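Peer 1: Starting off with a structure, shown below.
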Amino acid sequence: MTSEEINSFVAEKLGIDYSDLWSLFVESSETIGVDTAALELIKQLQEKYTTVLATDNMDCLNRFTAPAYALETVFNKIINSCDSGIRKSDANGTFFKLLATDYTNSVLLDDIEENCSVFQELGGTAHLVTQEHYAVYHLQSLL
């Protein structure tokens, strides 16, 4: 579903004005908050790695969030489940197979254990992002 379809559904179910909801939705997508320290580390890692934002997300990430944070300058590629129609854990890692065929030198940082397991089964190295071991912690270890 597109962002417009979801917002239309929510507006109808809640009995609120679609245009007001849409404005808030776009604004929140553009100001969601991104860890700038993590983005700076990812930029540094571009010297050693091809950086990819692989995400299970809605079209609003591509349309609003990525441009607002200039994510195209941080990541060499952005691949979103809304475009591929599959999530990272679906079909034994078919999502990841859109990115590469050999994962021996690939690293995944993800906050979902199932995604990490699927990636490791493909031969890559996965780091689970948690409150204790957050993204910056893992990114620093890759420098």
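What follows draws every value from the coordinates through simple rules; no lab data is involved. Everything numeric in this text was worked out from a predicted model, so none of it was measured. All Cβ positions, glycine included, derive from the backbone under ideal geometry; neighbour counts span all protein chains shown.
Peer 1: Of the lysine pairs in the chain, how many meet both conditions: Cα atoms under 23 Å apart, and a spacing of 8 or more in sequence or different chains?
Peer 2: Summing the qualifying lysine pairs gives 6.
Peer 1: Let me ask you something else. Fully extended, how many nm does the chain gain between Asn92 and Lys77 (0.36 nm per residue separation, minus their Cα-Cα distance)? Before the final figure, lay out the partial values.
Peer 2: Values: separation 15, 0.36 × 15 = 5.40 nm, distance 2.14 nm.
Net length gain for the segment: 3.3 nm.
Peer 1: Within the range 119-141, find all residues whose amide N lies under 16 Å from a label point positioned 7 Å from the Cα of Glu113 along Cα-to-beta-carbon.
Peer 2: Label zone hits: 119-121, 126-133.
Peer 1: Could you tell me which of Val74, Leu122, Ile32 has its Cα farthest along the dipole of the range 1-131 towards the positive end, charges placed at Cβ (Lys, Arg +1; Asp, Glu -1), taken about the Cα centre?
Peer 2: Leu122
Peer 1: How high is the relative contact order of the range 89-143, in percent, counting Cα pairs under 8 Å that sit 6 or more residues apart?
Peer 2: Worked out over the range 89-143, it gives 31 percent.
Peer 1: Relative contact order for the chain: what percent, with Cα pairs under 8 Å and sequence separation of 6 or more?
Peer 2: Working: 162 pairs, mean separation 27.1, N = 143.
Once normalised by length, the contact order is 19 percent.
Peer 1: Turning to a different aspect of this structure: With each run of n ≥ 4 DSSP H residues scored as -39500 (n - 2.57), what mean residue ellipticity at 222 nm is computed for the chain after dividing by its residue count and rounding to the nearest 500 deg cm²/dmol?
Peer 2: -11500 deg cm²/dmol
Peer 1: Where in the range 52-143 are there chymotrypsin sites (Phe, Trp or Tyr not before Pro) that are in a DSSP coil and have at most 16 other Cβ atoms within 10 angstrom of their Cβ?
Peer 2: Tyr134
Peer 1: Filter the GluC sites (Glu not before Pro) in the range 60-143 to those in DSSP coil with at most 10 other Cβ atoms within 10 Å of their Cβ, and list the result.
Peer 2: Passing sites in the range 60-143 are Glu132.
Peer 1: Assign unit charges at the C-beta atoms only (+1 for Lys and Arg, -1 for Asp and Glu), then state the dipole size of the chain relative to its Cα centre in Debye, rounded to the nearest 20.
Peer 2: Computed about the Cα centre, the dipole is about 480 debye.
Peer 1: By its C-alpha gyration tensor, with a ≥ b ≥ c as the square roots of the eigenvalues, how is the range 97-143 shaped: rounded for a/c under 1.5, else prolate for a/b larger than b/c, else oblate?
Peer 2: oblate
Peer 1: Here's another thing I want to ask about it. Looking at the chain, what % of its DSSP beta bridges pair antiparallel, to the nearest 5?
Peer 2: Here the antiparallel bridges make up roughly 0 percent for the chain.
Peer 1: Let me ask something else. Once you have a ≥ b ≥ c as the square roots of the Cα gyration tensor eigenvalues for the range 55-141, tell me rounded if a/c is under 1.5, and otherwise prolate or oblate according to whether a/b is larger than b/c.
Peer 2: It comes out oblate by the Cα gyration axes.
Peer 1: Right, something else. By how many degrees, between 0 and 90 and to the nearest 10, does the Cα long axis of helix 18-30 differ from the longest principal axis of the chain?
Peer 2: It works out to around 20 degrees.
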